[in-house]
Amino acid sequence: MNAPPLLAVQGLTRRFGGLVAVDGLDLTVFKGEIIGLLGPNGSGKTTALNLISGALKPDAGTVALRGDFIQGLAPFRIARRGVARTFQLVRVLGSMTCRENVLAGLAFGTRNDWGVRADANADDLLQRVGLVGRGGVMTAELTYIDQKRLELARALALRPDLLLLDEWLAGLNPTELLQGIELVRSLRGDGIAILMVEHVMDAIRSLCDRCVVMNAGRRIAEGTPSAVLADPEVIRAYLGDEDA
Amino acid sequence: MTLPLPVKIVGAAVAVAMLACVPLVADGYRLSLAIGLLNYTVLATAWALFSGPTRYVSLATVAFFGIGVYTVAVLGEVLAWPLVLLIALGIGVVLALIIGLSTLRLSGVYFVIFTFGLAELVRQLVTWFEVNKTRTLGRYVFVDITTDQIYWQLLALAVMVFAAGLLIRRSRLGLALRVIGDDETVARHVGINVTAAKVALFMLSAAFMTLCGAVMAPRWSYIDPAIAFNPVTSFQVLIMALLGGVHRLYGPVLGVVPLTLLFEFLLANFPNHFSILIGIAFMLIVYAIPNGIAGLAEKLWARVKGARP
Ligand SMILES: Nc1ncnc2c1ncn2[C@@H]1O[C@H](COP(=O)(O)OP(=O)(O)O)[C@@H](O)[C@H]1O
Ligand SMILES: [Mg+2]
């Protein structure tokens, strides 16, 4: 393997006061892979995504994108290098229509799309996530699942090489979940690598090539979904008796 | 409601042409009132250009305005008028750049207090300089500019500030600002350089405020720092913009017209209680019409439209 991995995280560390939220995390994502980031609540998964996407600056460690160090860069610079994300608590732009939300992703990211062509691209992306014909609808009128779809369309508008999903499948009903899983799977076909924080086991098993499991900021396991989910230490972490 | 673009442009041109005739027909008092209206139109619209989309409440208006005034007072006699304006513009924009880079990371109330403090600081610095270096507190403004010319220059500035607002609204910067106004975190993560966008807008807004001060300077024959950097100006501009509504380009004007008239009336009749009265006006406005007259008008219009079959 001569090409550097798409994403290489090494020794990534972030403290909040006395708490070490992410503690020496190592993580690698290759082009086109779907990697699951698992762990009990409070284990540092969201913080890890925030460090990769630039929302937070690490205290130590490196993040390399295609071999270039990006840790500590402003989030807009990281976004322009092709890293898009969604948020654990869905964030849509409340004063705008669906199409404008997607235009926001097109206009400033990796493409600088603007004008009539951008409108067409926005509508294509809305169709892609299952919001066909909803371009003119205000985001406030969307249901929760549709807001999540819109957020994904906005992230895809950046034409990312790496997509960070923070519990994007959480809170969906069984039908929506199946659609969501298919949608994420279809992104792999486009060559997008995905690092997804997820609790939904069905999704993890059917989507992820590999998983990294965190507990109390540290990586405690890595491997195929079935291997890590059978790992005794992982089971102990999820049952919450790691002190025993 | 929405007219085709050529109709709008012709309409605007006709309106500007008619406004340009005001000095030809108005007497001294009315012209003076019209100058006041245009002055506050430029200031309040420029204020809303920045504060509307970013939701930063700035009280630095008079810092820039005063710099414009003082540049004219100092250089008006020695340099050609366009050069004086250009220098004022340069000073205002550079100051805005410095303030922007150093303060736009502050949020909410800290920004308000900082901008207020800044305007006071500039006033104190100018006072200190005048007292200790030039050994005069006041200055006479000697420039060869008639009242009619002041009016026309203000009208030109008003046209430019509206044109700037329209152009921004249609640009990527305009979209960036709306995204920032909705959710700054999202803005950063879709690749928007939030600081650069805010600073650029702050500089543009300051440019108009500084030029406005420069153009207004010849209205006074005598100025001192207390006149040029009067903090009440910043508050008045803020109240006018909020009353009119900052989410529309034409919003601030809707606040400028009634309040300029009201302030005129208050100043003439209750000069000693003026500050208290505008404070009360401010509170009433924020409580009663949070989205301003523009928001109120839109709501009424929507109701009228909704009532029709
Ligand atoms: N901005 C913050 N300030 C202080 N503590 C934080 C902050 N963000 C996260 N934490 C703490 O860091 C730990 C990890 O949180 P998080 O990354 O959100 O976990 P996860 O996403 O795995 O549930 C938690 O104990 C949380 O309270
Ligand atoms: Mg989380």
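Only one residue in B:Val143, B:Val109 is assigned to a helix (DSSP H, G or I), more than 14 Å from chain A (Cβ to nearest Cβ) and surrounded by fewer than 18 Cβ atoms within 10 Å (Cβ to Cβ). Which one? None of the other options fit; the residue is B:Val109.
Listed here are the helices (runs of 4 or more DSSP H) enclosed by the range A:1-108 that have at least 3 residues being away from ligand 1 (no atom under 13 Å from the Cβ) and either crowded, with 21+ Cβ neighbours inside 10 Å or aromatic (Phe, Trp, Tyr) (or both): A:75-80, A:98-108.
Results for (1) of a type in the set (Asp, Glu); (2) away from every other protein chain (no Cβ under 13 Å); (3) in contact with a Phe, Trp or Tyr (Cβ under 9 Å, 6 or more places away or on another chain); (4) without any contact (Cβ under 8 Å) to a residue 12 or more places away in the chain, shown as yes or no for each residue.
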{"residue": "A:Glu33", "(1), (2), (3), (4)": "yes, yes, no, no"}
{"residue": "A:Ser43", "(1), (2), (3), (4)": "no, yes, no, no"}
{"residue": "A:Ser53", "(1), (2), (3), (4)": "no, no, no, no"}
{"residue": "A:Ile78", "(1), (2), (3), (4)": "no, no, no, no"}
{"residue": "A:Arg99", "(1), (2), (3), (4)": "no, no, no, no"}
{"residue": "A:Val102", "(1), (2), (3), (4)": "no, no, no, no"}
{"residue": "A:Thr110", "(1), (2), (3), (4)": "no, no, no, no"}
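Of all the residues in the range A:151-188, those that are closer than 23 Å to A:Ala140 by Cα, within 14 Å of another protein chain (Cβ to nearest Cβ) and either of a type in the set (Val, Ile, Thr) or within 16 Å of ligand 2 (Cβ to nearest atom) (or both) number 3. Number of residues in the range B:1-49 that are over 19 Å from B:Val159 (Cβ atoms) and part of a helix (DSSP H, G or I) equals 6. Being within 13 Å of the chain's Cα centre (by Cα), more than 16 Å from ligand 2 (Cβ to nearest atom), touching a residue at least 40 places away in the same chain (Cβ under 8 Å) and more than 14 Å from chain B (Cβ to nearest Cβ) is the requirement here; does A:Ala193 meet it? Yes: the conditions hold for A:Ala193. Condition first: more than 16 Å from ligand 2 (Cβ to nearest atom), in contact with a Lys or Arg (Cβ under 7 Å, 6 or more places away or on another chain) and at pLDDT 95 or above. Now tell me which residues in the range A:1-22 satisfy that. Hit for the range A:1-22 is A:Leu6, nothing else. Per the listing B:Val199, B:Val161, the residue uniquely β-branched (Val, Ile, Thr) and modelled with pLDDT under 95 is B:Val199.
The values are calculated or read from the model by the stated rules, or taken from the named source; none is laboratory data. Just so you know, these numbers come straight off a predicted model, no measurement behind them. Methodologically, a virtual Cβ is constructed for each residue, glycine included, from the backbone with ideal geometry; neighbour enumeration extends over all protein chains shown.
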